[in-house]
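So the structure is just underneath, and the comments pick up after that.
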Amino acid sequence: MVISERFPSVGRWCTALLLGLALTLSGCAETELLVHTAKTAKSHQTDTGSKGYYKVGNAYQIQGVWYYPKEEWDYAETGIASWYGPGFHGKSTANGEVFDENALTAAHRTLPMPSIVRVTNLDNGRSIVVRVNDRGPFAHGRIIDMSRRSAQLLGFMNKGTAKVRVELLESESLQERAAARGEEYVPSPDPTLPSAPPPSAAPSGSVQVAVLNAPNGARTARAAPAATSIPPPAAAATVPAARVPASATTSVATSAPVRPLVSRTKPEPTQIFIQAGSFEDADNAHRLTGRLGAFFRGAHVQPTQISGKTYYRVRIGPINDVDNADRLLERVIVAGYPGSRIVVD
């Protein structure tokens, strides 16, 4: 205050100096903050291991139930799906990727990670393709845990569960495995297709050239220049290049049709059962049915053919909804059958 009153020019100079110094320090602080933020983001991106790796894993036990991960390229199963998202978003999955609740992913208890599966909601016919990159679900009676976005597309996010069919897509899954391992994917030849014979060379023949004289009385004419003997098509000369539709140039380059995000088929009538076991020996199946029948109504043996072999499934049901199936499954497990599960047929 004293300097500005007695020496106005000096005061103005000091004020400008102090203002410039403040701006400089502010700019330095802002730059340092941006650099720190960038380093933190880069470090976070590196530490999360978002790229992931290929993993099958060893057998493990959860709540008294053993699970045996394996490469099962013909896997197909029906059952109850659930979904997860809040509380897990941004965390690492079982194969080192980062879980995104808005991505089309899923958790499975035994399939390789990553692998590709088609999941169909049997109640409404909606079907999507998702990437398995996590382990779960470990609630009894569930076969797959979908991301929030996947459940939304399948139409059961609000309901919480759905009766689904899960099918592994072998070719796509093998490509994922090769990519995760840093290998080149080479598809196996289809053994059902006959191998094409090698093309045979075209037969070569002799060509004779002879000069023929013009017929008697014919008038000879000078040949027209080759460049003007065939005029260009009129359409090519009259249509400007700018008016040619984009599809005319891009349709040829298109290879395979783009897969729709959600496919739709006719809903299938289904029933829910508790399956306590499956046997090749019918006597073993009937003995288990007798023990279960003493406590649970609807226990029966259901024969089925798989790859030419007969299996005898021990089931309880049908059951009218998922909630009742969950309660009955808990009772069967407590009764001494921890391997029991909910199935949908």
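The values are calculated or read from the model by the stated rules, or taken from the named source; none is laboratory data. In this text, all values refer to a predicted model and were calculated from it rather than measured experimentally. No Cβ is skipped: glycine too gets one built from the backbone with ideal geometry, and neighbour counts run over all protein chains shown. Heads up: the accessible areas ignore ligands, DNA and RNA and are worked out on the full protein's heavy atoms, side chains in. Shrake-Rupley method; radii C 1.70, N 1.55, O 1.52, S 1.80 Å.
On the protein heavy atoms, probe 1.4 angstrom, tell me the percent of accessible surface of region 86-161 carried by carbon and sulfur. Before the final figure, lay out each step's value.
Working: 1200 of 2470 Å².
With neighbouring chains kept in place, the figure for region 86-161 is 49 percent.
For Leu169 paired with Thr265, estimate the spin-label separation in nm (one decimal), with each label point 7 Å from Cα along the Cα-to-Cβ line.
According to this spin-label approximation, the distance is 1.4 nm.
Using 1/(1 + (r/R0)^6) with R0 = 22 angstrom and r between the beta carbons of Arg327 and Asn158, what's the FRET efficiency to the nearest 0.05?
Efficiency, from the Cβ-Cβ distance: 0.50.
Less than 15 Å Cβ to Cβ from Asn158, Lys/Arg counted +1 and Asp/Glu -1: what total charge do the surrounding residues give? If you can, show how the numbers build up before the last one.
Working: positive: Arg126, Arg148, Arg149, Lys159; negative: Asp123.
Once positives and negatives cancel, what remains is +3.
If DNA, RNA and ligands are ignored and the probe is 1.4 Å, what is the ranking of Asp134, Asp321 by accessible area, most exposed first?
Sorted descending by solvent-accessible area, the residues read Asp321, Asp134.
What length, rounded to one decimal in nm, is gained on full extension from Phe296 through to Val186, with 0.36 nm per residue of separation minus their alpha-carbon distance?
Value of the extension gain: 34.5 nm.
Excluding residues on the same chain fewer than 8 positions from Lys309, give the aspartates and glutamates whose Cα lies under 14 Å from its Cα.
Correct list for Lys309: Glu280, Asp281.
Rank-order 126-132, 168-174 by packing density, defined as the average count of other C-beta atoms within 10 Å over each peptide's residues, highest first.
Sorting 126-132, 168-174 by mean packing, highest first, produces 126-132, 168-174.
On the full set of protein chains, 1.4 Å probe, figure out the accessible area of His300 and give it in Å² to the nearest 10.
Estimated to the nearest 10 Å², His300 gives 50 Å².
Using protein chains only and a probe of 1.4 angstrom, how many square angstrom of Phe88 are accessible, to the nearest 10?
Probe radius 1.4 Å; accessible area of Phe88 about 110 Å².
So which of Lys159/Lys266; Lys51/Lys91; Lys55/Lys163; Lys55/Lys91; Lys55/Lys159 end up more than 25 Å apart, counting from Cα to Cα?
As for pairs spanning more than 25 Å Cα to Cα, those are Lys55/Lys163; Lys55/Lys159.
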